[in-house]
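S.K.: What follows is a single structure, and I will ask about it in a moment.
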Amino acid sequence: MSGSSFGTVFKCTTWGESHGIAIGCTVEGMPPRIPLTEADIQPFLDRRKPGQSRYTTQRREPDQVRILSGVYEGQTTGTPIQLMIENQDQRSKDYSAIAQSYRPGHADFTYDAKYGIRDPRGGGRASARETASRVAAGALAHKILTQEFPNFRIVAGLVAMGTKKLDDHRDWDAVAQNPLFCPNATVIDEWADYLDTIRKSGSSIGALIEVRAQGIPAGLGAPTFDRLDADLAKAMMSINAVKAVEIGAGLDVVAMTGEDNADEITGIDNGIPRYRANNAGGILGGISNGNDIVVRFAIKPTSSILNSLETIDTAGNPTTISTKGRHDPCVGIRAVPVGEAMMALVLVDHLMRHRAQCDKKIS
């Protein structure tokens, strides 16, 4: 299978299936002599792991990471880093009844069409379980970025869920204080009741996630095909269930005039332009401009639902299907730390590409 690697200089290759023995990743391009232990990675995985509230799948996975290579006496060696996360709470029998049918909205049919074989247990390689490996790799990227940029921070949160949508107010500190990963504590009770209604009906709902990288100076990225925003769009679009990505003002630019959309430069502070707005999402011409880098991505409703749907079996016969097992009523909730990880992976890769071409330090 191709397509399991991401990045150019800092490269992450994920491996494993939802109900296999383990999942994990291989990270190439990690600089040497950086202090690294499992304790540096685990907090990132703890935020993504399932079973932490009634709003996520009740699959109980500790998601304990093990470093298998690339570290000696607590420091990276510059060689590939192998990370492994064991699967400990698989219930493969939950999928035995649907192994011969294609679940609507899933990759069951397309995997069969391409490979002539598929792993029906939890979706196999197509499962969102794979994203734990991305989060582990993102923790390594995050460590490099925090050392390089003193004011660097990635924040993210769920800003829309179904028919519920936040206004422009964001309190990023609130994200860690509620089970919905929402940057506005005042809406949690209302949104939780709304999601409970969806969950109890046996259905699911979509979500919109916003990710911001703060403290990235101007000059990171490249023109034309290797644009920073193009790589961010690909990164977010590669996450399971994502159906749309926007940068900065995104689709709202359609209704703007040139004057409305322009990020006017109103002055300069310590050599850094001061912008009136950030409609560009921190990126101009594929290169960062010093503003917050702002990305949003839309997650479709979880395809695995209890309610019966029409489909066909592997022989092409019409049938109906109801997906049992443990599933997220809104998979967008646990996509928040995944979006953070993908942002970090893109930024660190572009940082290393910049070092390879330019003498000038990004600062």
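The values are calculated or read from the model by the stated rules, or taken from the named source; none is laboratory data. Predicted model only: the values in this text are computed from it and were never measured. No Cβ is skipped: glycine too gets one built from the backbone with ideal geometry, and neighbour counts run over all protein chains shown. For accessibility, only protein heavy atoms count, side chains too; no ligands or nucleic acids. Shrake-Rupley method; radii C 1.70, N 1.55, O 1.52, S 1.80 Å.
S.K.: Kirkwood Rh over Cα pairs of segment 217-331 into Stokes-Einstein at 20 °C, 1.002 mPa s: D in µm²/s?
M.R.: Approximately 123 µm²/s, per Stokes-Einstein.
S.K.: Can I ask one more? Out of [x] 62, 57, 45; [y] 65, 52, 38; [z] 61, 45, 38, which label holds the value of Cα extents along the principal axes in Å that was computed here?
M.R.: Given [x] 62, 57, 45; [y] 65, 52, 38; [z] 61, 45, 38, the structure-derived one carries the label [y].
S.K.: Determine, for each peptide in 251-262, 205-216, 223-234, the mean count of other beta carbons within 10 angstrom over its residues, then list the peptides with the highest first.
M.R.: 205-216, 223-234, 251-262
S.K.: Going by average Cβ density within 10 Å per residue, which order do the peptides 301-311, 329-339 take, highest to lowest?
M.R.: Ranked from most to least packed, the peptides come out as 329-339, 301-311.
S.K.: Under a Cβ-only charge scheme (Lys and Arg +1, Asp and Glu -1), can you give me the dipole magnitude of the chain about the Cα centre, in debye to the nearest 20?
M.R.: Roughly 860 debye for the chain.
S.K.: At 222 nm, what helix-only mean residue ellipticity would the chain give, in deg cm²/dmol to the nearest 500, using -39500 (n - 2.57) for each DSSP H run of four or more?
M.R.: Calculated at 222 nm, the ellipticity per residue is -7500 deg cm²/dmol.
S.K.: Counting only protein heavy atoms and a 1.4 Å probe, tell me what percentage of the chain's accessible area is made up of carbon and sulfur.
M.R.: So the carbon and sulfur contribution to the accessible surface is 51 percent.
S.K.: Percent of alpha carbon pairs in segment 144-272 separated by more than 26 Å?
M.R.: 37
S.K.: Next up: For segment 229-305, with every protein chain kept in place, what is the accessible area per residue (1.4 Å probe, Å²)?
M.R.: On a per-residue basis, 49 Å².
S.K.: Averaging over all projection directions, find the projected area of the Cα convex hull of segment 114-191 and quote it in nm² with one decimal place.
M.R.: Orientation-averaged projected area of the Cα hull: 8.7 nm².
S.K.: Please give the per residue accessible area of segment 85-214, computed with a probe of 1.4 Å over protein heavy atoms only, in Å².
M.R.: For segment 85-214, the per-residue accessible area is 45 Å².
S.K.: Provide the packing ranking of 63-70, 125-132, i.e. peptides ordered by the mean count of other C-beta atoms within 10 Å per residue, highest first.
M.R.: Highest mean packing first, the order is 125-132, 63-70.
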